Amino acid sequence: MTESGDRTVSSKPLDPFTLMLDFRSGALEPHTSRTERHVSDMQGAYADATAQEHLVKGGDPLVYEVLQYDIPEEVGQLICCTTVLHPGTVGDEYFMTKGHYHSVRDTGEVYLGLRGHGYLLLMTEEGGKAATPMGPGTVAYVPPNWAHRTVNTSEEPFVFFAVYPGQAGHDYGTIEKTGFPQRVLRTPEGAELR
Ligand code: PAN
Ligand code: ZN
């Protein structure tokens, strides 16, 4: 057991390692977890509940998947994962992630866009809001205390790599109650932020 700052770290040190990331597919090898989110996993997230219900009954499509190489969830560690957010809409609203605050609020994150285009939506509990366009090569910084959600506005998978602190954890419950102040909708003129 060692002390790191004011927090206790109990796991044994990791040896250096490498992972292989396929920029096109988002495949991360090796990975130790793969999380799938279907339309039915996102009740209440989309504005059009009727359209959502139709999609669930019609086969419940896969909205996104997250591949992660799990390491101890402890201060000092950095967790690496990729998200593959598929193209599609629920009604007029583009496919998006659930979105979350980190349970430990004072932890940031870095996203690197690899394929496709979309938005990173951000908000704070104090009423702050932001929307950052993302595409291949975009490095987006999520500051501590900002909830974050991504949206795919393209016709191909929106793929991005993320790195976040080991102790961060994920708080989905707050977003399920409040939602985000902005939505991204498909219009005849293209993606519109509302
Ligand atoms: C990302 C997200 C991933 C899926 O790795 O977890 O894009 O989004 P949800 O977690 O909101 O379902 C991240 O921000 N990790 O902290
Ligand atoms: Zn996060």
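Filter the stretch 90-103 for residues that are crowded, with 21+ Cβ neighbours inside 10 Å and away from ligand 2 (no atom under 15 Å from the Cβ) and give the result.
VAL90, TYR94, PHE95
Test HIS102 against the stated conditions and say whether it is out of contact with any Ser or Thr (no Cβ under 9 Å at 6 or more places or on another chain) and either aliphatic (A, V, I, L, M) or more than 15 Å from ligand 1 (Cβ to nearest atom) (or both).
The answer is no for HIS102.
Every residue in the stretch 150-168 that is surrounded by 15 or more Cβ atoms within 10 Å (Cβ to Cβ) and either of a type in the set (Val, Ile, Thr) or within 14 Å of ligand 2 (Cβ to nearest atom) (or both), please.
THR150, VAL151, THR153, VAL159, PHE160, PHE161, ALA162, TYR164, PRO165, GLY166, GLN167, ALA168
Taking the condition loosely packed, with under 15 Cβ neighbours inside 10 Å, of a type in the set (D, E, K, R) and in contact (Cβ under 8 Å) with a residue 24 or more places away in the chain, does ASP106 pass?
For ASP106, the condition - loosely packed, with under 15 Cβ neighbours inside 10 Å, of a type in the set (D, E, K, R) and in contact (Cβ under 8 Å) with a residue 24 or more places away in the chain - is met.
Which ones in the stretch 63-89 are out of contact with any Asp or Glu (no Cβ under 6 Å at 6 or more places or on another chain), under 24 Å from ALA51 (Cα atoms) and more than 16 Å from ligand 2 (Cβ to nearest atom)?
Hits for the stretch 63-89 are VAL63, HIS86, GLY88, THR89.
Under the condition of being within 16 Å of ligand 2 (Cβ to nearest atom) and of a type in the set (Val, Ile, Thr), which residue from the stretch 172-194 is farthest from the chain's Cα centre (by Cα)?
Looking at residues that are within 16 Å of ligand 2 (Cβ to nearest atom) and of a type in the set (Val, Ile, Thr), I get THR174.
Read-outs: derived from the displayed coordinates by stated rules, not from any lab. For clarity, every value in this text was computed on a predicted model and none was experimentally measured. With ideal geometry, Cβ positions are generated from the backbone for all residues, glycine too; neighbour counts draw on all protein chains shown.
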